[in-house]
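Student: Let me begin by handing over the structure; questions about it come next.
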Amino acid sequence: MDFENIWNKFLEKIKEKVSPALFQTWFEGTKLIDLNEQYAVVLVPYEICKQHFEKNYNDLIKEMFMEVTGSLFKFKYVTKEELQNKVEESNNVEDNNEAIFESGLDNKYNFDNFISGESNKFAKAIGLAVAEKPGAMYNPLFIYGNSGLGKTHLMHAIGNHIMETTNKKVLYVTSEKFVDDFLNIYRKNESSNFKAVDTFKRKYRDIDVLMIDDIQYLEIASKTQQEFFNTFNELHTNNKQIIISSDRSPDDLKKLEERLRTRFNWGLTIDILPPDLELRMAILDKKVESHDMSNIVPREVKEYIANNCTTDIRKLEGALTRVCAYATIMNGSEITLELAIEALKDYIGKNIISKNKIDQVIQLIANNYNITVEDIKSKKRLSKIAVPRQIGMYICRIHLKESLPKIGSEFGGKDHTTVMHSVAKIKRELKNDKNLEIEISKIINQIK
């Protein structure tokens with residue numbers, strides 16, 4: 001049966017019955033993995049989803065699924081961990097693992113939904129080049145960068161492209177899985193040890209593309225490094241593509257054997273940098289659009305998230321999910337900037353908002369115009385305070401490219417429309433006032 005097609009039709013019906021926020025929170029990431037005469041087995045991302053479905057959505061799920069299949073099924077919900085445990089309890093661990101997980105690739109990750117910007121466009125281009133001609137160039141391909149920047153997404157995109165366009169066999173595993181499979185050889189009794197060795201070698205060498213994620217964890221497994229060295233040599237000698245990811249460059253993996261680090265540098269090493277503001281906004285826009293929430297999540301909320309989750313794409317997307325879930329919990333409240341700030345107050349970290357150059361601009365304005373920081377952040381409308389305040393907002397928006405909500409927050413909790421008005425006013429005055437232009441330039445030059 002085409003489980004994926006059945007489940008996609010089911011999800012389309014569920015979308016019509018629940019709000020976008022509820023759909024994103026509970027149904028996204030679920031997958032139909034088995035269907036027999038009595039039961040439909042659904043893979044869910046978290047234990048809490050399993051409990052929530054059983055308690056609150058079981059009747060709706062049965063009803064919508066019957067509309068798709070024409071039959072009434074009972075439902076079982078399992079997490080990935082539970083599924084893995086069941087497989088490992090089997091006497092044929094390797095065969096079952098391959099039957100359930102096959103290549104280990106997640107088909108939801110592809111090049112189309114890998115949003116690129118200045119920080120990762122080179123990595124995406126190289127990844128696509130490798131996907132089009134695996135084993136022919138850039139072998140091995142070593143991708144490194146901090147956690148949450150899209151390394152795993154890029155690896156899955158490469159693997160899925162190869163699987164879709166060729167008949168090559170692709171295997172994606174984490175380094176922990178590689179270590180566990182290797183140690184499994186020694187867990188077998190003596191009579192089955194040779195079979196375990198043969199199964200391990202077939203899994204990791206009888207393939208065309210090997211992807212090892214988070215190779216840094218191999219540092220703590222010295223015995224396994226020898227086996228990976230042998231596997232690497234076997235594949236590379238036969239022009240099989242090897243793709244590796246890490247949180248550090250090969251040269252910084254000091255606890256790995258030097259011969260391994262040397263081989264990692266044989267091909268091409270690329271790093272993925274933290275996303276800039278433009279890319280962060282593009283990622284949020286794409287996520288909102290994919291869930292039909294463009295009219296629900298205002299731009300100022302996305303700007304607030306993008307300006308406060310600057311180093312980690314997972315945290316960026318997690319913040320958006322948290323805001324939507326918070327709105328749902330609050331009886332379907334409208335998503336506003338105020339609600340987002342409340343929802344993320346413990347998630348973002350209280351000190352992040354103030355750690356920016358806006359504080360520096362406010363201090364420079366105070367010094368240059370002989371007023372206090374408190375004056376600037378106050379509600380006073382005297383010209384000697386209001387004009388410098390507007391100049392400060394203009395500099396933060398045009399020169400620092402900060403978001404309207406963030407500027408308003410730092411300037412004493414002003415509304416974003418106040419910031420817009422101030423920026424527009426200074427823009428108009430600059431057209432006819434050269435002295436003002438000189439004043440602003442002097443302040444900008446003092447920013448460090």
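The values are calculated or read from the model by the stated rules, or taken from the named source; none is laboratory data. In this text the structure is predicted, and so the values were computed from the model without any measurement. Using ideal geometry, Cβ is built from the backbone for each residue, glycine included, and neighbour counts are taken over all protein chains shown. The protein model used for the area step is the full one, side chains on, heavy atoms only, and it has no ligands, DNA or RNA in it. Shrake-Rupley method; radii C 1.70, N 1.55, O 1.52, S 1.80 Å.
Student: Within segment 215-246, can you find the residues that are of a type in the set (Asp, Glu) and crowded, with 18+ Cβ neighbours inside 10 Å? Talk me through it step by step, then tell me what you get.
Tutor: Filtering segment 215-246 down to residues of a type in the set (Asp, Glu) leaves 219, 227, 234.
Glu227, the sole residue that qualifies.
Student: Name the helices (runs of 4 or more DSSP H) wholly within segment 352-429 that hold at least 3 residues that are among the β-branched types (Val, Ile, Thr)?
Tutor: Numbers: elements: 357-368, 373-377, 383-394, 404-410.
Helices (runs of 4 or more DSSP H) meeting the threshold: 357-368, 383-394.
Student: Restricting the search to segment 140-158, which residues are touching a residue at least 60 places away in the same chain (Cβ under 8 Å), more than 13 Å from Ile244 (Cβ to Cβ) and open to solvent by 10 Å² or more (accessible area, probe 1.4 Å)?
Tutor: As a first pass, look at segment 140-158 and keep what is touching a residue at least 60 places away in the same chain (Cβ under 8 Å): 140-152, 154-155, 158.
Pick out the ones that are also more than 13 Å from Ile244 (Cβ to Cβ) and you get 146-150.
Passing the criteria: Asn146, Ser147, Gly150.
Student: Residue by residue through segment 118-173, note down the ones that are within 23 Å of the chain's Cα centre (by Cα) and in a loop (DSSP other than H, G, I, E, B).
Tutor: Glu118, Ser119, Asn120, Gly145, Asn146, Ser147, Gly148, Leu149, Gly150
Student: Test of understanding: among Ile61, Ile100, which residue is surrounded by fewer than 16 Cβ atoms within 10 Å (Cβ to Cβ), on the phi < 0 side of the Ramachandran plot and either among the aliphatic types (A, V, I, L, M) or at pLDDT below 90 (or both)?
Tutor: Working: Ile61 fails: surrounded by fewer than 16 Cβ atoms within 10 Å (Cβ to Cβ).
Of the residues listed, the single one that is surrounded by fewer than 16 Cβ atoms within 10 Å (Cβ to Cβ), on the phi < 0 side of the Ramachandran plot and either among the aliphatic types (A, V, I, L, M) or at pLDDT below 90 (or both) is Ile100.
Student: Of all residues in segment 1-27 being touching a strand residue (DSSP E or B) at 6+ places or on another chain (Cβ under 8 Å) and open to solvent by 70 Å² or more (accessible area, probe 1.4 Å), which is nearest to Phe53 (Cα to Cα)? Walk me through it before giving the result.
Tutor: The first filter runs over segment 1-27 and keeps only residues touching a strand residue (DSSP E or B) at 6+ places or on another chain (Cβ under 8 Å), leaving 1, 3-4, 6-7, 10.
Okay, now just the ones that are also open to solvent by 70 Å² or more (accessible area, probe 1.4 Å), so 1, 4.
On the way: Met1: 24, Glu4: 19 Å.
Checking each candidate, the answer is Glu4.
Student: Looking at segment 260-299 only, could you name the residues that are touching a residue at least 40 places away in the same chain (Cβ under 8 Å), in contact with a Leu (Cβ under 7 Å, 6 or more places away or on another chain), crowded, with 17+ Cβ neighbours inside 10 Å and within 19 Å of Ser403 (Cβ to Cβ)?
Tutor: Correct list: Ile283 only.
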